[in-house]
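Working notes for the structure below.
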Amino acid sequence: MNFELIIVGGGLGGLVSGIILAKEGYSVCILEKNHQAGGNLQTFTRDGHKFNTGLHYIGSMDEGQTLHRFFKYLGIADKVPLKKMDDAGYDRITVGEDDTVYRHAMGWENFSETLIRQFPEEREAISHYVDSISEAIKSIPLYDLENAFSYHLEPHQLNLCTMAFLRSLTKDERLQSILAGANSIYHGAAMRTPFYLHACIRNSFVNSAWRISGGSDKLAGALLEAFTDAGGTLITDAQVDRFEFDGDKISAAWLKDGRRFAGKHFISSLHPAVTLQMVPPDRIRRAFRQRIESLENTAGFFTLYLVFKKDFFPYLNYNHFHYYSDDYFRDLLPDDQWPHTYLVYTPFYEESPGFIPTASILTFMGYDDYKQWDGLAPDQRGQDYYDFREMASQRLLNAVEKRYPGIRNGIEKYFVSTPLTFTDFTGTPQGSGYGILKDCKNPARAIVLPRTKIPNLFFTGQNLNIHGVLGTTINAVITCAEFTGFRYLVNKIIHA
Ligand SMILES: Cc1cc2nc3c(=O)[nH]c(=O)nc-3n(C[C@H](O)[C@H](O)[C@H](O)COP(=O)(O)OP(=O)(O)OC[C@H]3O[C@@H](n4cnc5c(N)ncnc54)[C@H](O)[C@@H]3O)c2cc1C
């Protein structure tokens, strides 16, 4: 088969890129290795219970807010059923044995006033924090569409570290932790998380935070429909194995099962190191390949998918993040303290708004803990792996039970995923949750641009810039702008 544009990977990055360029008249084919497209947006079903693979909330979906504007342009803004989270505390944070529950409230004024009530001496620091976020996002590509003329981040943005900045604001360690907490710093690398990344994520959710009602596959479904409506072709069960070259350009993608798809341009939404494994050694400079392959990845997720007895666990209209200690934010993560953090996530279903049948508990896991099984097929990992999973499950449940006494009594059964489950499912190397780690201490190293050294191969997906639904959507726009022109595409989004 022959297409103008072939996209490798049908997760969020691939689907958004596919919609944009199909709308622009390209004949686009997405090749997705799994039976269903969606990647991290997909859900799975076990014993009749549906679970989100990972995604628990999205931000900035009120009319006129950033993600809403992108989704409106993509034609899906009114096609994704949403449930607004609790504006008095959509994220709630606890630390160690302390019973205090800290809240991140929606809307910047609400956010400040809520924190000031808990840290009355820190009004000035909190207000400075809020001002700094709104200043930072002004120079982040595509957050301010009207003033976006380039996708490059300013060097001073890349170098500013989140924790160093928070320490310069206040000496109150607990406030530093609460401002840093709730998924806006990297696990195990808080000290290296750039402030721009923190600012994007924090701003996106403070603007407004939403659950996808009925499961995250509703978002995958809406994207898929928009893609096919725009004339795109999706081929599933299509694992790309290697690229064929004609001169210095790629001429076709070969699937593992021997099928060949010819194309003029290629976009890969996979991790760049995985993409380069598909390129023969003599087609790309060794130095470039080595740089990409040596990039550090973010930690992976270990998740418990719980099934509750009837009418046992209430729907929580917020996420609960727990940290073992303020030391978490100094990257002091002793092994015997695992799980160092966890997130309790309850999905929203219109039909069961009171008590919920399922919930997920997510934590992070360091690569060293599971690397002995990396590279092995699931059926080759052996009993040790399953024993390890069970041991980790019990440790996580012990930690959760301290905050939710008696929770074990209400659990009918549970399912488990490790970071390697994500490698099996999305192909992410080392089971990494958010892909390449962006490091404020060495920012130039982790920069991955959409253009590659191969003239007709482009990168997109969460590894490019910022992860998450908003970040990956923006990355897709940045990649597609290489085809359409930057301002042309931005104007289309503005006027959608
Ligand atoms: C556990 C977890 C929880 C998260 N929670 C949130 C959240 O609450 N809010 C938020 O905004 N973001 C969240 N994120 C981040 C967000 O989900 C991701 O940033 C985003 O979905 C990444 O999309 P992607 O297209 O880059 O990658 P992926 O979703 O990984 O898509 C890549 C696709 O490529 C396919 N593929 C891989 N190899 C091949 C091959 N050889 N040939 C063909 N296809 C291939 C995969 O099957 C997959 O479909 C979470 C991520 C994780 C892991």
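Remark: the chain carries a charge dipole of roughly 1000 debye about the Cα centre, counting +1 on each Lys and Arg Cβ and -1 on each Asp and Glu Cβ.
Screening the chain for DSSP H helices whose Cα atoms reach 15 Å or more along their own axis and whose mean Kyte hydropathy is at least 0.5 gives 12-23, 468-484. Of all DSSP bridge pairs formed entirely within the chain, close to 70 percent run antiparallel. Measuring from each cysteine beta-carbon in the chain, the ones with no other cysteine beta-carbon under 4.7 angstrom are CYS29, CYS200, CYS480. Taking the convex hull of the alpha carbon positions in the range 89-208 and averaging its projected area over all directions gives 7.6 nm². Note on GLU390/SER251: beta-carbon distance plugged into 1/(1 + (r/R0)^6) with R0 of 45 Å gives a FRET efficiency of 0.40.
Across the chain, C-alpha contacts under 8 Å between residues 6 or more apart give a mean separation that, scaled by the residue count, equals a relative contact order of 23 percent.
DSSP beta bridges confined to the range 1-127 are antiparallel in about 65 percent of cases.
Within the range 337-393, none of the trypsin sites (Lys or Arg not before Pro) combine a DSSP coil assignment with at most 16 other C-beta atoms in a 10 angstrom radius.
Under the Kirkwood approximation applied to all pairs of distinct alpha-carbon atoms, what is the hydrodynamic radius of the chain in Å?
Values: mean 1/r = 0.0432 Å⁻¹.
Kirkwood hydrodynamic radius for the chain: 23.2 Å.
In the chain, helical runs assigned H by DSSP with n ≥ 4 each contribute -39500 (n - 2.57); averaged across all residues and rounded to the nearest 500, the mean residue ellipticity at 222 nm is -10000 deg cm²/dmol. Placing unit charges on the Cβ atoms of the charged side chains and taking the dipole of the range 86-177 about its Cα centre, the candidate lying farthest along the positive direction among ALA136, GLN176, TYR151 is TYR151. If one computes the Cα centroid of the range 30-80 and of the range 461-494, what distance in Å separates the two points? After rounding, the separation between the Cα centres reads 17 Å. Of the trypsin sites (Lys or Arg not before Pro) found in the range 216-270, those in coil by DSSP whose Cβ has at most 13 other Cβ atoms within 10 Å are LYS256. Averaged over residues, the count of other Cβ atoms within 10 Å places the peptides 466-473, 397-404, 425-432 in the sequence 466-473, 425-432, 397-404, highest first.
The numbers here are math on the coordinates, done by the rules we state, and not lab data. Just so it is clear, the structure is predicted and the values come from calculations on it, not from any experiment. Glycine gets a Cβ as well: all are built from the backbone with ideal geometry, and neighbour counts include every protein chain shown.
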